[in-house]
Each structure stands twice: as structure tokens, then as C-alpha cells.
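Asker: One structure coming up, written as C-alpha cells, with questions to follow.
The numbers here are math on the coordinates, done by the rules we state, and not lab data. Please read all numbers here as calculations on a predicted model, not as lab measurements. Here Cβ is always computed from backbone atoms with ideal geometry, including for glycine, and neighbour counts include all displayed protein chains.
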Amino acid sequence: MNVLIITHSQDNESIPLVSRAIEQQGGKAFRFDTDRFPTEISLEVYYSRGEKQLILANESQKLDLKEVSAVWYRRFAPGGMIPTTMDPQIRQASIGETRATIFGMIASLQAFHLDSRVNVEQAKNKQLQLQVAQALNLEIPRTLTTNNPQRVREFAQECPGGIITKMLSSFAIYDSQGREQVVFTNPVKPSDLENLEGLCFCPMTFQEQIPKALELRTTIVGKQIFTASIDSQRLSKARSDWRRQGIALLRDWQRYQLPSEVETKLLDLMDYFGLNYGAIDLILTPDGRHVFLEINPVGEFFWLERCPGLPISQAIADLLLTSKKLKFIDAKC
């Protein structure tokens, strides 16, 4: 069993964790660092008169892609090592062609996909997530996405417990020294409501501030559900977003058992999006309600392997090695 892992060279320990679990079960893992293509990794995709050949090779391995039984679509950074000294238009065109080549290769593989890129991209739409979660009778926060300052002020009046602001997309902001600045969830102060002119350049998402007894992270792999909790309220800087003091809280995650009815609804959410993997954020309120925040179809899990020791990488390896390939019509070229 050959598993192709789609990632990049700066990915974290999740890759070796899952790779070792695959190898312990007699499978083979091939790591495709997409940022190293096309500068350091070669790909050959050949079709002619009923013949086809798909070969991926790096400095130490060569893989016949027809022998791939499963694909783990983990991370994607096409053309990341194409020199920045190139003409910007030519570099952008090179990255675009690199992206299209990799996407075409992935789509053509007659293998089990964890998960289909089409499903992953669909599931990333957080507005749709909330709509589906609400339809499944999961409790969600009141949420507003807008570029209208007056509507934000009205929304704040609807939420007596306060509101927070968060981003729908993932991006990096760098300071003058080139250091990455993470964009966290932040509470909205009354003074902020008087300074919303920037919305005309960038819409923002606002949510009612939900009181927290615990913050929960549920990782679903196939039909296996792993949930851990953290008391983010004990550290002042972590109260709005536990990631602000994620390192300080690293060893404080505890196993948590969701109510069965909540687990069933989360599995239904996964089924709606056609996902086999998802990392879901929820809040447990002081009065015992479980409030759904969002699902990340390619979310992180590695710190939960350390503490509280959830066997997520083993579950991913099991799924990759036991799931059936996609069935395509073997048409003549």
C-alpha cells in the first residue's frame, strides 16, 4: 500500500507521525513537498493511445503514481522555491502552471482521497458551515459578516454579552523585521465601534461573545471522534483566543467526552461536506451548552498527540490504508 502525502517542506511533526504509523502497518509513505516542485522534484504525466504513465521523483525516492492507493491532502504551497528574483509576471505564471499541474495530477489519481480537494475547498466556507450546523440543530453564535459600519453597531446592541471579531480567511501579516504576526480573535471595545471606516476596504466577521467554561477541539477521522478540552479562562491573554498562550497551555489539554447527540450531529456535518477528516472548534458554556464555532477540513492535531495523547495519527493511517480506491472508467486515450 503506497500513500502519497501532499504537503510542503515546512510542515510540522504531523507528517512523520502519520508516516511512521503507515509504515508500522506495512504501508509506504511518499512525501510530496509541493513547494519543492518544480525546482527540486520532477513529475511526469504521460498519456497516449491507451497508455498512461505518472512518475513522481525526488532525490531519494521514485514513485509510480499508478501504485498509489491513498492520498492525504494535507498542505499545499506550489512553487514556493521558484526564485523571487524572477520577473514577477513570469514567476506568477510559473506558480499558476505549477498549481494547475499538481491539481491535475491529484485529481487523476485512482485512489482514496483524504479528502477530495473539491470537498475541502467547499467545506472551508465558514458562512456555509454555520448555515449547515444550524440546520442540523447545532447551536451557533449569532454572526455577522459585513462591510457596513452601522450594521455592526446595531449587531453590538443585539449582543449584550459583547462581540468579538475574527477572520474568515487565512493569511500572514509581517512586521518591519519580517516577523509573522498572527491574526487572533479579538473582543470589540465600545471605542472600536466608532472607528470602523476600514470596513470599506475589508469586510469583517463579528460574533456574539459566548461565555466559556471550556474550549473544545474535536478531531474526526472517518467515524472515530477524538475530543479534548482546555480551560482557556485561567490565563488572561487566552480568554478570547487560547492560541495567544498556546504554548503555556500545551500540557493542559484533557480528554473530553461529548454528548452522543452532539457527536451524531458533527458526523452529519462531516457527511454533508463529504469529509473523512475535520478539526472542529466548540465552546462548552458555564450552563452546559455546546456551541459550534467552525470546522477546519485540514486542521492541525499534532499537539493533541502529545497531550492528552489522542491517537489521531494512528487513526489517519488506519483510514488511509483500509479505505477503498475511487473507481474510474478505464477509458482508452
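Asker: With n ≥ 4 as the cut-off for DSSP H runs, can you work out [θ] at 222 nm for the chain, using -39500 (n - 2.57) per run divided by the number of residues, rounded to the nearest 500?
Answerer: Details: 8 runs with 89 residues, N = 333.
Rounded to the nearest 500, it is -8000 deg cm²/dmol.
Asker: Which value in nm describes the separation of the simple spin-label points at Glu194 and Asn147, placed 7 Å from the Cα toward the beta carbon?
Answerer: Distance between the two pseudo-spin positions: 2.6 nm.
Asker: For the chain, take every pair of Cα atoms, bin their distances at 20 Å starting from 0, and report each bin as a whole percent.
Answerer: Histogram of Cα-Cα distances, whole percents per bin: 27, 55, 18, 0.
Asker: In addition: About the Cα centre of segment 2-114, how large is the charge dipole given +1 on each Lys and Arg Cβ and -1 on each Asp and Glu Cβ? Please answer in debye to the nearest 20. All intermediate terms of the calculation are to be shown ahead of the outcome.
Answerer: On the way: 12 positive and 13 negative charges, 51 e Å.
Charge dipole, segment 2-114, about its Cα centre: 240 debye, nearest 20.
Asker: Quick one: which residues, 5+ away or cross-chain, put their amide H under 5 Å from the amide H of Leu275? H built at 1.01 Å from N.
Answerer: Amide H neighbours of Leu275, under 5 Å, 5+ apart: none.
Asker: How do 275-281, 14-20 rank on mean C-beta neighbours within 10 Å, highest first? Before the final figure, lay out each step's value.
Answerer: Working: 275-281: 21.0, 14-20: 19.0.
With the highest mean Cβ count within 10 Å placed first, the list reads 275-281, 14-20.
Asker: Using the basic label-point model (7 angstrom from Cα toward the beta carbon), what is the Ile95 to Asn137 distance in nanometres?
Answerer: Inter-label distance under the simple model: 4.7 nm.
Asker: Sequence neighbours fewer than 8 away in the same chain don't count; with that in mind, list the lysines whose C-alpha is under 28 Å from Lys265.
Answerer: Lys124, Lys126, Lys166, Lys212, Lys223, Lys324, Lys325
Asker: Treating only the Cβ atoms of Lys and Arg (+1) and Asp and Glu (-1) as charged, compute the dipole magnitude of the chain about its Cα centre; round to the nearest 20 debye. Numbers along the way, then the final one.
Answerer: Working: 38 positive and 39 negative charges, 72 e Å.
That gives the chain a dipole magnitude of about 340 debye.
Asker: Next question, about the same structure. Per-residue counts of other Cβ atoms within 10 Å, averaged by peptide: what ranking do you get for 312-322, 195-205, highest first?
Answerer: Values: 312-322: 21.3, 195-205: 11.7.
Highest-to-lowest ranking by the protection proxy: 312-322, 195-205.
Asker: Going by average Cβ neighbours within 10 Å, how do the peptides 112-123, 59-70, 78-89 rank, with the highest at the top?
Answerer: Working: 112-123: 18.6, 59-70: 14.9, 78-89: 12.7.
For the peptides 112-123, 59-70, 78-89, the packing ranking is 112-123, 59-70, 78-89.
Asker: Given the chain, what percent of its DSSP beta bridges are antiparallel, to the nearest 5? Each step should come with its number before you reach the end.
Answerer: On the way: 45 of 60 bridges.
Restricted to the chain, the bridges split so that about 75 percent are antiparallel.
Asker: Continuing with this model, one more query. Select from Ile312, Gln24, Pro141 the residue farthest towards the positive end of the dipole of the chain; place +1 on Cβ of Lys and Arg, -1 on Cβ of Asp and Glu, and compute about the Cα centre.
Answerer: Gln24
Asker: Just to confirm a number: summing +1 for Lys and Arg and -1 for Asp and Glu over residues other than Phe155 whose beta-carbon lies under 13 angstrom from that of Phe155, what do you get? Before the final figure, lay out each step's value.
Answerer: Working: positive: Arg142, Arg151, Arg153; negative: Glu154, Glu158, Asp192, Glu208.
Result for the local shell: -1.
Asker: Let me ask another. Among bridges DSSP assigns within segment 36-158, what percent are antiparallel (round to 5)? Display every interim value, and only then the final one.
Answerer: On the way: 10 of 13 bridges.
Given both bridge residues lie in segment 36-158, the antiparallel proportion sits at roughly 75 percent.
Asker: For the residue pair Met1 and Val45, what label-to-label distance in nm results when each label sits 7 Å from Cα along the Cα-to-beta-carbon direction?
Answerer: Distance between label points: 2.6 nm.
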